[in-house]
Structure formats: structure tokens, C-alpha cells
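Please treat every number below as a calculation from the coordinates, not as lab data. Please read these numbers as outputs of a predicted model, since none were measured by experiment. Here Cβ is always computed from backbone atoms with ideal geometry, including for glycine, and neighbour counts include all displayed protein chains.
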Amino acid sequence: MNYTDALNYIHDTLKFGVKLGLQNITALLELMGNPHKSLKFIHVAGTNGKGSTVTFISNILIKSGYKTGIYTSPFLERFTERIKIGEDEISQSEIGRLTEFVKSKVDELVKNGGNHPTEFEIVTAIAFQYFYENCCDIVVLEVGLGGRFDSTNVIDTPMAAVITTISYDHMDKLGDTLEKIAFEKAGIIKENTDVVLHPQALGCEGVFRGISSEKNSRLHKLDFSDFKIISSEIDGSVFDYKEFKELRISIPGEHQVANAITALEAINIVKAKGYDRISKTSVRDGLRAAVWPGRLEVLQRNPTFIIDGAHNSEGASKLAENIKKYFPGEKITFIIGVLKDKDYKAIIEPVLPIADEFFAVTPKSDRGMKAQDLAIILRGYCKDVTINDRIEDAVINSLKKASGNSIICAFGSLYYIGEIRSLFNV
């Protein structure tokens, strides 16, 4: 297969939907020779902060000289972003070759009476095969959805299981309470696991404590009283944590300091298990080098144009908090597009106190809410709402109306954030 053939095949499997469970991926990987059984993993689950935590962890490992596989989802601009070794994305030719290989095993699976794997199962299998063939020292693995029945959970006990913040998202599949969602995320805790737990609501923490106890696992709960933020600006933060003084991260947002500390605790566990090339210098360099596009990312200044992947209530709340902190008193224009199966009112409400104007757009997804329908909802809160049929038009028109000190922020769904990013040639 060439790259186009491979993507057409992969995306065509969207018709098989999302089917949580490990039976299909287990059967597929067995036909492939179980490449994941030869790999070491750090497994990261949670509602928000997974991607940032993955990039902090992986950059520290890279700076320490380890061959590090990285698996994340979704992608912003290129499919190849999802599978990386070190700083290098998988090549298009490798996507073609490995997709052809995995397809041959899928065909064998179906011929033998098995169910056809979903898109995410196929991509996960491609990633495992790639990391195996390249003899990665360690793989930092982001959960796709939930945890317990996510395809990535086919792995054996990881070197560390990391749980970031838990909030309401994908409630149709994960449950309608935080405790139910936490239970699904806690599914990545296996027998005798070291679990790094970001501070949680009391009910969620109880879920993680209970399952860790059942699995004879060690729960490492973070104590954020041990850190101090020295400075926090739109280009990053500086903080002290335990024996480290003036650590710097380049991903903006005070909440990213918490994600960086979560990553540090995971790194401490891995180092204690024999990865002794990790040094204080590689920790500093790795944190500073970590970037996570599409998260409070400034694409231009004067006027300032920001994109953010906030797509649930907690994410939108963090976005509003950071914009208020970094741009006090400025006029704020939001470009917003949402998926119709999301709790879109919970996404909108946190930004209302700081919003002067909205541009409504339609994300390019079968699940995307029409801009016209979104505008009706927005006009119940804000009188200045513009509908744009094309995302590019929303960018152009918002910039035309802006003055030099205006702030424009696009958020609501990752499905269109990458398209906006491409317009700026970042």
C-alpha cells in the first residue's frame, strides 16, 4: 500500500464504530505475533491532561537517551503525529507497509470468523508493530477512550500507570457520574502496578484507592503542597518542586505545572526500575523541550490568535481561567465549533463571563453541530454572534474585526483546531 491507500483503508473502518473491549485487539495481535509483549510501557489515562503528560514524560526519556515510542490520539494536522519514535513521526511509507501487514492479519481474523477490528484497534496494532520492529526501550502510551476496555489496555502490567484529572466526557460510554468514569479509567491498573494519581475529587480517589488495593498495586498520590509557581506567562511557567528549583515548561497554562509534576512522579518510578540514565539535567531539558500543539497555543500576536483543544467543561474552565490571567481586561473573541453529542452548554458556560463576541463554525465531522444551530444557543447568552460556513472565513473575518491588542481564541473541538493551525503555517 502507499500512504493514501493506507489512510483510505484505515478511515474506511470508521464504519465499524467504537466498540469497547479487548477481544478483537487481543485476537489481532496474536495473529501478528504479539509485538506488544516485547515492549515496556508507561500507560496514561484520564479525561484532561493526558497528551501533555505524555509529552512531558516522553521528552524526559528522550533527553535521557532512551529510544522512546509515543502513541497519542487524535491528531491535529497529520495522521503520522499519532505514532512517533523520539521526535520523529512515523513515515508515510512505513504507514503504508505496516497497514498492508496489519490488513493481511485482519483479513485472516475475519476469515476465521472473528469480528472486524475498529479503526482505533487497527491503528493501535500498527503502532505496536512499529515500536516492536524498532526495538524501543520504552513506549509512552495514551489511552484512547476510558481505560478498562480501551484497545491500549491489551498490554500487560506497565512500568507505571498514570491517571490525570477526571471530569465529565464521553458519558454515553463511560457513565454519568465521576465515580463511574473513574472506574473505567482505573481499568488500566493491573496486578502489582505502580499508579501515579493526579489529585481527584474525593469519590474518584476512593475508586482508585479501592482498585489499587484489589490489584495489590501501589498508589502514588501527588501532594501539590510540594510545589511553588514562580511565574506563569502565555509562553510557559517556572516552578519549584521538591529538590528541583526553577524548572521551566514551555506549554502555557498553570494547570500544565500539575501535569508536569505528574510526569515527574512517573519518571521517578521508571528511574527506580533501572532507567538510571535519567538525570536532573535530562529532567530539566525534557520539561523545557516539551511542546503540545493546540493547547493554549499562540499562532500570532498583534492581534493575538490562540487555539485550544478544550472540548469539555473542565477544559473550558481552565481555558477561561488562563485567558483571564494572561490577558486581563482585553477584548476576547471566541471562535467555537462543537460536536452535537457533547455537553456543549457545559463547554460554552465557562467562557461567557469573558466573551465579547463569538464566531460559530461547523467542525468537519459527521458529529459536528451546524454553526447555525450553535449560533441560536450562543445568542441566548451573547448578542454579538456571527455564523461562518467555512472555518477559514471565521479566521479571516475575526482578524479583520480585531484591533492590535485584541485576543481571538478558537476552541470547542479538536476536529477543527488542526485546520486552523494549518492556515497559519506554524
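Worth a mention:
- With contacts taken as Cα pairs under 8 Å at a separation of at least 6 residues, the range 1-131 carries a relative contact order of 41 percent.
- Given Lys19/Lys173; Lys37/Lys273; Lys37/Lys190; Lys331/Lys383; Lys221/Lys271; Lys173/Lys318, the pairs whose alpha carbons are separated by over 20 Å: Lys173/Lys318
- Proxy reagent accessibility, fewest Cβ within 10 Å first, across Thr281, Thr55, Thr177, Thr118: Thr281, Thr177, Thr118, Thr55
- Cβ-to-Cβ counts within 10 Å put Thr72, Thr4 in ascending order as Thr4, Thr72, the fewest first.
- Alpha-carbon centroids, the range 350-426 and the range 61-132: separation in whole Å: 33
- The helix-only estimate of mean residue ellipticity at 222 nm for the chain, built from DSSP H runs of length n ≥ 4 each weighted as -39500 (n - 2.57), is -12000 deg cm²/dmol after division by the residue total.
- Taking a straight line from the alpha carbon of Lys103, these aspartates and glutamates sit under 13 Å away, with near neighbours fewer than eight places off in the same chain left out: Asp5, Asp12, Glu119, Glu121.
- Beta bridge orientation in the chain: antiparallel %, DSSP, nearest 5: 35
- Taking amide H atoms as placed 1.01 Å from N in the peptide plane, the amide H of His311 lies under 5 Å from those of Ala316, each 5 or more residues away in sequence or on another chain.
- Relative contact order, whole percent, for the chain stands at 16, derived from Cα pairs under 8 Å and 6 or more residues apart.
- Share, in percent, of DSSP beta bridges within the range 297-423 that are antiparallel, nearest 5: 20
- Applied to the range 302-308, the Karplus parametrisation 6.51 cos²θ - 1.76 cosθ + 1.60 on θ = phi - 60° returns per-residue 3J(HN,Hα) values of 6, x, 7, 10, 10, 10, 8 Hz, with x for Gly and Pro.
- Along the range 172-182 the Karplus relation, 6.51 cos²θ - 1.76 cosθ + 1.60 evaluated at θ = phi - 60°, assigns HN-Hα couplings of 5, 10, 10, x, 9, 10, 4, 5, 5, 5, 4 Hz to successive residues, with x for each Gly and Pro.
- What the phi angles of the range 249-264 give under the Karplus curve with 6.51, -1.76 and 1.60, with θ = phi - 60°, is a coupling list of 10, 9, 7, x, x, 4, 5, 6, 4, 5, 5, 5, 5, 4, 4, 4 Hz, glycine and proline written as x.
- For the range 297-423, averaging the sequence separation of C-alpha pairs within contact (under 8 Å, six or more residues apart) and dividing by the residue count gives a relative contact order of 38 percent.
- Here the chain is assigned +1 on the Cβ of each Lys and Arg and -1 on the Cβ of each Asp and Glu. Its dipole about the Cα centre then comes out at about 420 debye.
- Residues Val207, Val238, Val283, ranked from the fewest to the most other C-beta atoms within 10 Å, line up as Val238, Val207, Val283.
- Estimated dipole of the range 1-94 in Debye, rounded to 20 [Cβ of Lys and Arg +1, of Asp and Glu -1, Cα centre]: 400
- Along the axis of the charge dipole computed for the chain (Cβ charges of +1 for Lys and Arg, -1 for Asp and Glu, origin at the Cα centre), the listed residues Ile90, Leu76, Gly46 are led at the positive end by Gly46.
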